[in-house]
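Just so it is clear, none of the values below were taken in a lab; they were calculated from the coordinates. Just so you know, these numbers come straight off a predicted model, no measurement behind them. Counting neighbours? That spans all protein chains shown, and the Cβs are built from the backbone with ideal geometry, glycine included.
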Amino acid sequence: MKRYFLPLLLILLFPCENSYGFELTGLKPVDPYGIFSTFSAESVSKGKAAFSTGAEVLIDPDFYRFVFKAAYGVTDNVELSMTIPYDFGSDTKDGFEDIALGFKHRFFEEGKYGPSLAYILNASIPSGQGDLTTDGSFGIGLIVSKRVGPINGHLNFIYENPGDGKLDDEISFLAGLDFAAAHNFKILAELYCKTSHISGKVDTLEGRIGYRIKTTDSIYTTFGAGFDLKNRSPETRIMFSVTFLSPSEKQKIKKIYEEE
């Protein structure tokens, strides 16, 4: 991972030529276990599941994307996940993208000063057509998470190899945080950077902001907007999702009666 970090940093700091490769969705975290695309080392608890439905409106080029996400806690620190994206609004980009599957394992717990650490393995099924597929893919990533007071911060470094040997490898750097403004309301911020499988250059560099509301104990609603920072495509992105968590077990309260 270290050998990719310096080239990625140089690409961010210095301008490069325009290249407009179509950005595919890939594996995404299920709320509230991440920001928009940034994964948290936290995962769904053992035996519990989370399901999310969401939509994105992308501007210039204009098209729409629906996303279904699911996650299941195998143990308290191992999670299986899935992302199914569907795009429409363009004659050449209508249909399902490759379906992404993921395995996340938190192998180091957060301490007083140190962060929690997790790795993620992902693979995509070649279910898309045309521009909506890379003929499958596989990848690996490192997730770093740390809480400081009301702020949760996360860093992701992810490498992906497309199934089509003619395409370039993809490298992603993501940094996100959420600020607990109230007990049921969080402000979200994210920096999303990804090289393209078309050109090998950074085609996606976005700043994203939004908020998440804990509507009930088992429902989360998230709104957000992404803004292009490097004269790439799309220029603007509006995001919305609703997540349903399997209900937590209610603890039975034992009453003790004393005889007078």
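Yes or no, residue by residue, for (1) surrounded by fewer than 22 Cβ atoms within 10 Å (Cβ to Cβ); (2) free of Cβ contacts under 8 Å to residues at least 60 places away in the same chain; (3) under 21 Å from LEU155 (Cβ atoms):
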residue: PHE36; (1), (2), (3): no, no, yes
residue: ALA50; (1), (2), (3): no, no, no
residue: ALA55; (1), (2), (3): yes, no, no
residue: TYR64; (1), (2), (3): yes, yes, no
residue: MET82; (1), (2), (3): yes, yes, no
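As for the range 26-41, it holds no residue that is among the basic types (Lys, Arg) and touching an Asp or Glu at 6+ places or on another chain (Cβ under 6 Å).
Pairs meeting the criteria (first residue in the range 148-175 and over 13 Å from SER37 (Cβ atoms), second residue among the basic types (Lys, Arg) and surrounded by fewer than 19 Cβ atoms within 10 Å (Cβ to Cβ), beta carbons under 6 Å, at least 6 apart or on different chains) are GLY153/LYS146. So is GLY111 without any contact (Cβ under 8 Å) to a residue 40 or more places away in the chain and under 21 Å from GLY153 (Cβ atoms) or not? Here the answer is yes, as GLY111 does meet what is asked.
Restricting the range 69-90 to residues that are at negative phi and not in a strand (DSSP E or B), the residue that is nearest to the chain's Cα centre (by Cα) is ASN77. Could you grab me the full set of residues in the range 172-190 that are in a strand (DSSP E or B) and over 14 Å from the mean Cα position of the chain (by Cα)? Of everything in the range 172-190, those that are in a strand (DSSP E or B) and over 14 Å from the mean Cα position of the chain (by Cα) turn out to be PHE179, ALA180, ALA181, ALA182, PHE185, LYS186, ILE187.
One line per residue, one yes/no per condition, for (1) surrounded by fewer than 20 Cβ atoms within 10 Å (Cβ to Cβ); (2) β-branched (Val, Ile, Thr):
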residue	(1), (2)
SER116	no, no
ILE143	no, yes
GLY149	yes, no
TYR159	yes, no
ASP178	no, no
GLU190	no, no
SER196	no, no
ASP203	no, no
